[in-house]
Amino acid sequence: MIFGMWDSPLFYLGPIPVDHLIVTEWVIIAFIGIIAMTATKNMQMVPKGLQNAFEAIILWTYDFFTQLMDKESVAKKWAPLLTTFFLFILLSNYSGLIPGAARIEGFQPPTSNWNVTMTLALITFFAVHIAGFSEHGGHYFGHFVSPSWAMLPLNLIEEVAHPLSLTVRLFGNIFGEEMVIAYLLFMAPFVVPSLIMALSLLLGAIQAIVFTILSASYIAAAAGEGH
Amino acid sequence: MRRNRRFYLSVLLVTMVMILGFATFCMASGGGNVPVPQPEGNTPAFGNLYAIGWSAVNFLILLALMYKFAYGPINNMLEQRTNAIEGSLKHAEEVKLEVEQMRKETASNLAESRKEAQEIVARATKAAEESKNEIMAKAKEESTLIKNKATAEIQAATEQAKLELKDAAVSLAILAAEKVLNRAINDDDHKNLAKQFVNEAGDLLC
């Protein structure tokens, strides 16, 4: 255990170790999946209740990404991925605020581990290049040497910097927040950590939004008219 | 009212956060063992390939679930709704045209009916006028007939009365003459006298 968090495998699935945070990921995925299933089980022409709320969220994200990107077709194509990013990261961030997080076995907020944030950033990295290539074909690779060949190293560094910044930003914020709460619990009565936890509610949402919007803007830049 | 609502919401939020904090504190302290142990150790190991692999698989599973249970059904429903709305609009347009057509027909029928009604009223008025005139003429004719008949009857009655009066006067005169003469007069005298008297009296009477 490090910093009050689980870092060793919880159990082995055959030869594959399963970490505590992986189990939390499963719970989060099951939670989102069950809500989605319930919401869309008996779809009505005139939406009501959970279906209405769920449709509103999905449509809002479609509209949001359409405004952010140049092309509506690109937005429609990539909005599901980005919305899934948002929901997964938001629930992962908030899972750290549930009492018992990082103290009960198999319960560790996934985004407080940078292996997870890096995985998400790598998915964004691949999504960006797939979006660019599918929109512009072979011409997409031209932007690596734009405006001249001399810029190739800088462009490559930029391509690496994007996922790196996504990884470190999300991990740093959530891990830092968890650490601050853990140390405050050690140092002060529950009132002071409570205030930081209230702040963490805001922080968790902001980090989820930031990661999603940055991913969307990278995809928009790759698929946009600039290339 | 609005200020009160905001105040109550703030109090609710603060209470919930405090409960959350307290519950976290209880969990961290293992049921109230103060102080809470100090966190110690290193940051998580970077490059845990198993964690990366699991996370990637998990995220892709979540994405697949979202496509299956969220985006797919919602997109289908949106398409259905769009079709339904388009259909409804089209139907509404058709109904509108139909209603417009019916309105025109109704207006035309109404004008025709009004014209017919006017004709009927005019015809009825004319018939009533004719009927009235006919009745009046008939009544006049009948009244004239009745009047004439009545006049004739009156005249006959008058003549009859005159004759009866004359006879009565003759008898009276005879009686009077007998008294005056104190004798019976023969038939010739009688008649002459009576006639004379009657004629004189009749002239006076009539």
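Laboratory data are not the source of any read-out in this text; all were calculated from the coordinates shown. Source: prediction; values computed, not measured. Reconstructed Cβ throughout: ideal geometry from the backbone, glycine too, with neighbour counts over all protein chains shown.
Taking a ≥ b ≥ c as the square roots of the eigenvalues of the Cα gyration tensor, segment A:45-111 is oblate, since a/c reaches 1.5 or more and a/b is not larger than b/c. From the cross-link list A:K41/A:K71; B:K147/B:K195; B:K162/B:K195; A:K41/B:K96; A:K76/B:K96; A:K76/B:K68, which pairs have alpha carbons spaced over 25 Å apart? Going by Cα-Cα distance, A:K41/A:K71; B:K147/B:K195; A:K41/B:K96; A:K76/B:K96 fall outside the 25 Å limit. Local charge for A:Y183 was computed over the other residues whose Cβ lies under 13 Å away, with Lys and Arg +1 and Asp and Glu -1, and equals -3. If R0 is 35 Å, the Cβ-Cβ spacing of A:W60 and A:M179 corresponds to a FRET efficiency of close to 0.60.
Dipole check for segment A:9-223: with +1 at the C-beta of Lys and Arg, -1 at the C-beta of Asp and Glu, and the Cα centre as origin, the magnitude is about 320 Debye.
From the Cα gyration tensor of chain A, with a ≥ b ≥ c the square roots of its eigenvalues, which class applies: rounded if a/c is under 1.5, or else prolate if a/b is larger than b/c, or else oblate? Cα axes put chain A in the oblate bin. Computed on chain B, with alpha-carbon pairs under 8 angstrom and 6+ residues apart, the relative contact order is 9 percent. When only alpha carbons are used to place a centre, segment A:52-66 and segment A:69-99 end up 11 Å from one another. Decide, for segment A:162-205, between rounded, prolate and oblate: order the square roots of the alpha carbon gyration tensor eigenvalues as a ≥ b ≥ c, take rounded if a/c falls under 1.5, and otherwise choose prolate if a/b is larger than b/c, else oblate. Oblate shape, in that a/c is at least 1.5 and b/c is the bigger or equal ratio.
Given an 8 Å cut-off on Cα distances and at least 6 residues of separation, report the relative contact order of chain A as a percent. Result for chain A is 27 percent.
Excluding same-chain neighbours fewer than eight residues apart, the lysines reachable from B:K191 by a Cα-Cα span under 17 Å are B:K166, B:K179. Seen from a random direction on average, the alpha-carbon convex hull of chain B projects onto 45.3 square nanometres. Under 25 Å between alpha carbons, and skipping anything fewer than 8 positions from B:K126 in its own chain: which lysines qualify? B:K126 reaches B:K115, B:K138, B:K140. With all pairs of different C-alpha atoms in the average, the Kirkwood value for the hydrodynamic radius of the protein assembly as shown is 31.3 Å.
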